[in-house]
């Protein structure tokens, strides 16, 4: 903006009462320090020639310059000057607005004895224009995001999960077992005597850690497995019962599932997955669907969180076995049996060498994308709990 008695900046005027804009010219009179907004009339010349026709234009707004809020510059984005009563003036002429801002600072200093006040300056623009500062901010953002994903979200989810009342957790599990029964599970085929023995063993283990609201269900249909629902229901399959050589091995499985209940893992997983998905949606701007670019990192983080929960449940099981003098080798034994059982299901014993190499590569991928830790990692924990 030229250093003259009167200068003009073209832009759009918004009354604050509607989204409709009015083509306008902002005039600044250096002698009075006053700003005037005038409507650009049809047939009236724009630009420098508009100054000569100023008396014929309709005045939209008038105020002292020091009473107008001028935002800092951010690259070449449009500037929005906040006026009174919700009105605003928007322009792309950043150079002229920068000059106007200098005038505003000068007027402010003179009016308050040299103290800068009422104007924030263009620090954001200067920061954005400095390559080193941009690089430092980028590194800081990555670091903050990583700390949030690794520590912030799990800590927040854990605190929220422990604050959720039990009735709310019960409502989350309502209908889950019925759905599993309709899709995957079938009634237990164990004898009545065996079912009674397993249920009694499970009840003693659960009540022994102080849980009073629970249920134990025996099913078949998904191989050797066990699962815990937030309402305190533990599902045990016939296959895993038959896989256990003794009650202590079955107790190792039960204590693992009790560990999930005590640490509220399922609820924490739901919360953490929701936080990650919401964060990625906000960053990508995709509020309707989660495309593959968002789904993949969300899936990977969810698997990572889940593996952490499994390790936590393993530690709970090992400590419970140790506290009761049952021996942590029972945990090792049943983990090895589960590994062998899964190997028979997924590995072709007659596979040739290329297929074996493929299997090894798949195992490496499994380390990062599996919902459970590798058996070797779980067995390594046992050494920590040996006497």
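Before moving on, here are some points about what is shown:
- The sole residue among 190, 180, 282 that is touching a helix residue (DSSP H, G or I) at 6+ places or on another chain (Cβ under 6 Å), surrounded by fewer than 21 Cβ atoms within 10 Å (Cβ to Cβ) and in the same structural domain as residue 320 (by TED's automatic domain parsing) is 190.
- Options 257, 242, 249: the member that is touching a strand residue (DSSP E or B) at 6+ places or on another chain (Cβ under 7 Å) and modelled with pLDDT of 90 or more: 257
- So residue 206, is it touching a strand residue (DSSP E or B) at 6+ places or on another chain (Cβ under 9 Å), touching a residue at least 24 places away in the same chain (Cβ under 8 Å) and part of a helix (DSSP H, G or I): yes
- When the stretch 28-65 is filtered for residues that are part of a helix (DSSP H, G or I) and at pLDDT below 85, the ones remaining, listed by number, are 49, 50, 51, 52, 54, 55, 56.
- Taking the criterion of being part of a helix (DSSP H, G or I) and loosely packed, with under 14 Cβ neighbours inside 10 Å, the residues of the stretch 151-171 that qualify are 151, 155, 159, 162, 163, 166, 167, 168, 171.
- Among the candidates 75, 140, 133, 106, residue that is part of a helix (DSSP H, G or I) and at pLDDT below 80: 133
The values are calculated or read from the model by the stated rules, or taken from the named source; none is laboratory data. Quick caveat, the model's predicted, so the values are computed rather than measured. Backbone-built Cβ (ideal geometry, glycine too); neighbour counts: all protein chains shown.
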